[in-house]
Amino acid sequence: MRSPIPEYLDEVLRNCADDRAGAVADYVPELAAADPEQLAVAVSAVDGTVYEAGDSRSPFTIQSISKPFVYALALADRGCEAVLARIGVEPSGEAFNELSLEEGSARPRNPMINVGALTAHTLAGPPGAPREERFERIVAGISAFAGRRLEVDEAVCRSEWGTAHRNLAIAHMLRGYEVIEEDAPRVVADYIRQCSLLVTTRDLALMAATLANGGVQPVTGEQVVSREVVRQVLSVMTTCGMYDAAGDWVTTVGIPAKSGVSGGILGALPGQVGIGVLSPRLDRHGNSVRGVRVCERLSADMGLHLMEAP
Ligand code: GLN
């Protein structure tokens with residue numbers, strides 16, 4: 001018998017297809033060109049079985065959804081203590097691109113906002129590794145979560161570099177406070193390349209399933225990062241993953257998650273499922289409008305809320 005899940009996922013997408021609220025991100029010109037009608041969902045069990053509907057094989061740039069994965073690589077490569085000395089774990093309640101540091105310590109508040117993500121980028125790979133080697137560690141590491149080699153979208157990367165003033169300001173601030181020790185524009189250039197890696201909604205589901213599966217990629221069987229690293233990453237995603245809508249998200253959907261400006265959302269429920277969704281129009285917090293709706297439906301219908309007794 002065929003699984004009823006594909007029909008169910010089609011129905012979930014149809015149900016919110018008419019919602020045209022929100023707007024496509026336009027601070028990066030190339031992102032403004034995205035088709036706002038795209039809509040996709042993919043759900044992966046922790047054994048790697050993927051169910052998908054809509055435009056689940058269409059590529060888009062990973063953007064901020066790269067942040068938890070690069071944080072995971074930094075934790076794996078430098079250890080939790082060294083990373084915590086540089087990047088906090090407290091929700092900021094601020095926009096993702098705010099220029100702010102913890103008072104007193106001058107640490108970025110968490111790795112899910114740009115100030116922390118730029119810092120995490122510099123902590124991937126062995127200390128003192130050349131930029132090229134570090135970038136390869138990041139591409140190979142994120143690719144290992146997906147189970148296939150990911151490529152950079154050069155057009156989006158160039159386009160973002162042209163409007164990177166805010167990230168340059170953040171990186172210069174980090175350099176000024178000696179949180180990073182490298183050339184600020186180079187860190188931004190590499191971070192933007194990291195954000196320009198192309199993924200599909202199906203990839204997001206499998207990357208999430210790897211987190212849900214204690215760091216083991218369910219299809220390749222590779223232990224990408226340790227269970228301890230996954231626990232740290234999912235904890236930070238729970239409190240900081242959905243920008244300043246984290247409270248709304250955790251009470252309604254109740255799954256550790258991360259969203260990005262392309263309109264993707266990745267959610268991982270430990271021991272159960274990985275979820276990927278895509279719809280480019282964003283709400284005022286920067287989260288995909290229909291993506292949030294799809295996740296609310298999945299959480300309610302499948303009883304996925306973390307705080308609910310089975
Ligand atoms: N490339 C984007 C930036 O740093 C990623 C932001 C996001 O997805 N919120 O501005």
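Evaluation of residue 165 against the conditions (1) farther than 30 Å from residue 272 by Cβ; (2) assigned by TED's automatic domain parsing to the domain that holds residue 233; (3) not charged (D, E, K, R) shows that the sole unmet condition is (2). For the stretch 62-91, what are the residues that are farther than 22 Å from residue 129 by Cα and within 13 Å of the ligand (Cβ to nearest atom)? If the condition is that a residue be farther than 22 Å from residue 129 by Cα and within 13 Å of the ligand (Cβ to nearest atom), then 62, 63, 64, 65 are the ones that fit.
Kindly evaluate residue 230 against the criterion of being outside the structural domain of residue 136 (by TED's automatic domain parsing), modelled with pLDDT of 95 or more, surrounded by 16 or more Cβ atoms within 10 Å (Cβ to Cβ) and farther than 22 Å from residue 259 by Cα. Answer is no for this residue.
Among the residues of the stretch 177-188, is there at least one that is surrounded by fewer than 24 Cβ atoms within 10 Å (Cβ to Cβ), in a helix (DSSP H, G or I), away from the ligand (no atom under 16 Å from the Cβ) and touching a residue at least 60 places away in the same chain (Cβ under 8 Å)? No, the stretch 177-188 has no match at all. Could you list, in sequence order, the residues of the stretch 65-95 that are within 16 Å of the chain's Cα centre (by Cα), buried (at least 21 other Cβ atoms within 10 Å of the Cβ) and not aliphatic (A, V, I, L, M)? The answer is 66, 67, 68, 69, 71.
With the requirement that a residue be farther than 16 Å from residue 66 by Cα and in contact with a Leu (Cβ under 8 Å, 6 or more places away or on another chain), what does the stretch 122-161 give you?
Once the filter is applied, which keeps residues that are farther than 16 Å from residue 66 by Cα and in contact with a Leu (Cβ under 8 Å, 6 or more places away or on another chain), the stretch 122-161 yields only 159.
Inclusion of residue 236 among residues that are within 16 Å of the ligand (Cβ to nearest atom) and under 28 Å from residue 81 (Cα atoms) is warranted. One residue stands out among those in the stretch 260-281 that are surrounded by fewer than 24 Cβ atoms within 10 Å (Cβ to Cβ) and touching a residue at least 60 places away in the same chain (Cβ under 8 Å): the one that is nearest to the ligand (Cβ to nearest atom), which is 281. Inspect all residues belonging to the stretch 234-248 and state whether any of them is in contact with a Gly (Cβ under 8 Å, 6 or more places away or on another chain) and touching a residue at least 60 places away in the same chain (Cβ under 8 Å). Taking every residue of the stretch 234-248 in turn, at least one turns out to be in contact with a Gly (Cβ under 8 Å, 6 or more places away or on another chain) and touching a residue at least 60 places away in the same chain (Cβ under 8 Å).
Cβ-Cβ distances below 8 Å connect the following pairs, each with a first residue in the stretch 284-303 that is within 16 Å of the ligand (Cβ to nearest atom), a second residue that is part of a helix (DSSP H, G or I) and of a type in the set (Phe, Trp, Tyr), and a separation of six or more residues or different chains: 285/243; 286/243; 287/243; 287/249; 292/249. Inspect all residues belonging to the stretch 46-53 and state whether any of them is assigned to a helix (DSSP H, G or I), among the hydroxyl-bearing types (Ser, Thr, Tyr) and either touching a Gly at 6+ places or on another chain (Cβ under 9 Å) or under 23 Å from residue 210 (Cβ atoms) (or both). No.
Within the stretch 195-227, the residues that satisfy the criterion of being crowded, with 19+ Cβ neighbours inside 10 Å, away from the ligand (no atom under 16 Å from the Cβ) and among the small types (Gly, Ala, Ser) are 205, 208, 209, 212, 215. You will find that of 96, 135, the residue that is more than 15 Å from the ligand (Cβ to nearest atom) and either closer than 28 Å to residue 248 by Cβ or touching a residue at least 24 places away in the same chain (Cβ under 8 Å) (or both) is 135 and no other. For the stretch 13-45, a tally of residues being in contact (Cβ under 8 Å) with a residue 40 or more places away in the chain, more than 18 Å from the chain's Cα centre (by Cα) and part of a helix (DSSP H, G or I) returns 5.
The values are calculated or read from the model by the stated rules, or taken from the named source; none is laboratory data. Keep in mind it's a predicted model, so treat the numbers as computed, not measured. We place every Cβ from the backbone using ideal geometry, glycine too, and count neighbours over all the protein chains shown.
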